[in-house]
Each structure stands twice: as structure tokens, then as C-alpha cells.
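Below is one structure, written out as C-alpha cells; the observations come after it.
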Amino acid sequence: VQLQASGGGLVQAGGSLRLSCAASGIIFSFYIMGWYRQASGKQRELVATIASGGDTNYADSAKGRFTISRDNAGSTVYLQMNSLKPEDTAVYYCRALRHGINYWGQGTVVTVSS
């Protein structure tokens with residue numbers, strides 16, 4: 001199983017980034033997909049999740065600024081991040097979850113400068 005995250009980078013506050021996570025080795029449509037992040041010195045935290053049918057869930061910090069979406073045919077999950085803030089700086093990870101089985105991607109770094 002591979003979850004290949006990409007799209008991170010350095011952006012100024014107020015800017016946007018779009019993260020992608022391409023999955024292989026799983027039946028993608030069976031899995032809840034999620035984005036999590038871990039800032040330096042902090043615990044990993046939920047950003048957003050999306051079920052196969054499209055139901056979404058967001059952390060309060062992401063509501064109104066971030067949008068999670070998925071392409072089941074292309075086995076890819078996306079995270080559109082707008083109005084980025086310095087506190088969004090973290091390593092962003094994608095996760096595939098189904099019935100207690102979960103897989104993590106390798107992470108992509110997002111740095112937001114003030």
C-alpha cells in the first residue's frame with residue numbers, strides 16, 4: 001500500500017495550496033480518507049476527512065478555509081487550503097481508514113510565512 005502525498009511548499013499568509021494524495025494497493029472507494037497535520041513539537045491532529053460517498057468532517061481550524069475532496073476513479077484525495085495562516089505550518093499526512101485498518105502517507109511539508 002502506498003499513499004503518496006504532494007503539493008506542499010512555502011506560501012505567504014493569505015495564500016493557497018492544494019495537496020494531493022494518490023493511493024495505490026487498496027480499493028480506494030472502500031476507505032475513509034483523511035488529512036492530518038503535525039506541527040513541530042505538537043501532536044498529530046485531524047484536519048479533515050471524507051467518506052466514500054462524499055460526507056466530510058473538518059476540524060474547527062479548517063472550517064471555511066479548507067476543502068477536502070476525492071476522486072474515487074483516480075484513487076486520489078485532495079485538500080484545497082485557502083487563506084493560509086502561519087499556524088497552518090506543519091507536515092500534512094494523508095490517511096486511509098477502514099474498519100480499524102489504516103495506512104499513512106509519508107507527509108508533505110507546508111510552511112506559511114507571515
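The values are calculated or read from the model by the stated rules, or taken from the named source; none is laboratory data. Since we're looking at a predicted model, the values are computed, not measured. When we count neighbours, we look across all protein chains shown, and the Cβ atoms used for this are built from the backbone with ideal geometry, even at glycine. Just the protein is used for accessible areas: all its heavy atoms, side chains included, with ligands, DNA and RNA removed. Shrake-Rupley method; radii C 1.70, N 1.55, O 1.52, S 1.80 Å.
Listed values, structure above:
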item	result
Test result for Tyr36, open to solvent by less than 50 Å² (accessible area, probe 1.4 Å), under 11 Å from the mean Cα position of the chain (by Cα) and not small (Gly, Ala, Ser)	yes
Test result for Leu79, open to solvent by less than 70 Å² (accessible area, probe 1.4 Å), of a type in the set (A, V, I, L, M), over 20 Å from Leu3 (Cβ atoms) and out of contact with any helix residue (DSSP H, G or I) (no Cβ under 9 Å at 6 or more places or on another chain)	no
Condition check for Leu10: surrounded by 13 or more Cβ atoms within 10 Å (Cβ to Cβ), in contact with a strand residue (DSSP E or B) (Cβ under 9 Å, 6 or more places away or on another chain) and not in a loop (DSSP other than H, G, I, E, B)	no
Failed criterion for Gln43 (all others in (1) polar (S, T, N, Q); (2) under 17 Å from Lys85 (Cβ atoms); (3) open to solvent by 80 Å² or more (accessible area, probe 1.4 Å) hold)	(2)
Residue in region 62-71 that is within 12 Å of the chain's Cα centre (by Cα) and among the basic types (Lys, Arg) present	yes
Positions within region 53-65 being surrounded by 15 or more Cβ atoms within 10 Å (Cβ to Cβ) and in a loop (DSSP other than H, G, I, E, B), in sequence order	Ala59, Ser61, Ala62, Arg65
